[in-house]
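The values are calculated or read from the model by the stated rules, or taken from the named source; none is laboratory data. For clarity, every value in this text was computed on a predicted model and none was experimentally measured. Here the Cβ is made from the backbone with ideal geometry for all residues, glycine too, and neighbour counts use every protein chain on show. Only protein heavy atoms, including side chains, enter the accessible area calculation; ligands, DNA and RNA are left aside. Shrake-Rupley method; radii C 1.70, N 1.55, O 1.52, S 1.80 Å.
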Amino acid sequence: MVRLGQTTGITVEAVSSVYETQPWGKLDQANFYNIAVALTTTLAPEALLAALHQVEQAGHRERHEHWGPRTIDLDIAYWGDRQIQTANLTVPHPRAAERNFVLLPIQELTGDDPVVGDQVAQALRANRDLSWIKKVKGVTIDHE
């Protein structure tokens, strides 16, 4: 998260625990590791997306197949209570509400945030994702 926090216009406020998760959509691959990041930004949504893509490229993102393994994948899942629809960006993320690996790390960070916390709670109540997810003990991501 160092590169993300060093990006002009982005302040990393909190980082969730690391979660090991069952692959989603394509099960015949290695498990994934996921985190959620709470941030504040002065960037417009499309500019934030571009900054996330730059961080992915700096992290040597490789993705060879849909729902397949990748070295890094950064998405904007929620932006407060805003709904954003452009050619390149949909917020809330169109499949966030269907995925434990998105919702549970975000839920960890939304303790006192009624806006995103309520959206995540509603999504979890309606969620039918049966894939497993577990916190990885003893592993943390420094966001300073």
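Could you check region 1-48 and list, in sequence order, the residues that are of a type in the set (D, E, K, R), part of a strand (DSSP E or B) and open to solvent by 70 Å² or more (accessible area, probe 1.4 Å)?
Within region 1-48, just E13 meets the criteria.
Taking the criterion of being closer than 22 Å to G117 by Cα, at pLDDT 90 or above and not charged (D, E, K, R), would at least one residue in region 19-26 satisfy it?
Within region 19-26, one or more residues are closer than 22 Å to G117 by Cα, at pLDDT 90 or above and not charged (D, E, K, R).
Answer yes or no: is there a residue in region 69-79 that is small (G, A, S) and either surrounded by 13 or more Cβ atoms within 10 Å (Cβ to Cβ) or at pLDDT 95 or above (or both). Spell out how you get there, then give the answer.
Residues of region 69-79 that are small (G, A, S), as a first pass: 77.
Retained after the next criterion (residues that are either surrounded by 13 or more Cβ atoms within 10 Å (Cβ to Cβ) or at pLDDT 95 or above (or both)): 77.
Within region 69-79 (the criterion being small (G, A, S) and either surrounded by 13 or more Cβ atoms within 10 Å (Cβ to Cβ) or at pLDDT 95 or above (or both)), the answer is yes, since at least one residue qualifies.
Take region 89-109 and flag every residue that is in a strand (DSSP E or B) and among the hydrophobic types (A, V, I, L, M, F, W, C). If you could, list the steps in order and put the result at the bottom.
Of region 89-109, the ones in a strand (DSSP E or B) are 90-91.
Selection gives V91 alone.
Identify the residue in region 110-144 that is open to solvent by 40 Å² or more (accessible area, probe 1.4 Å) and in a helix (DSSP H, G or I) and, among all such residues, is nearest to D81 (Cα to Cα).
Of everything passing the filter in region 110-144, V115 is nearest to D81 (Cα to Cα).
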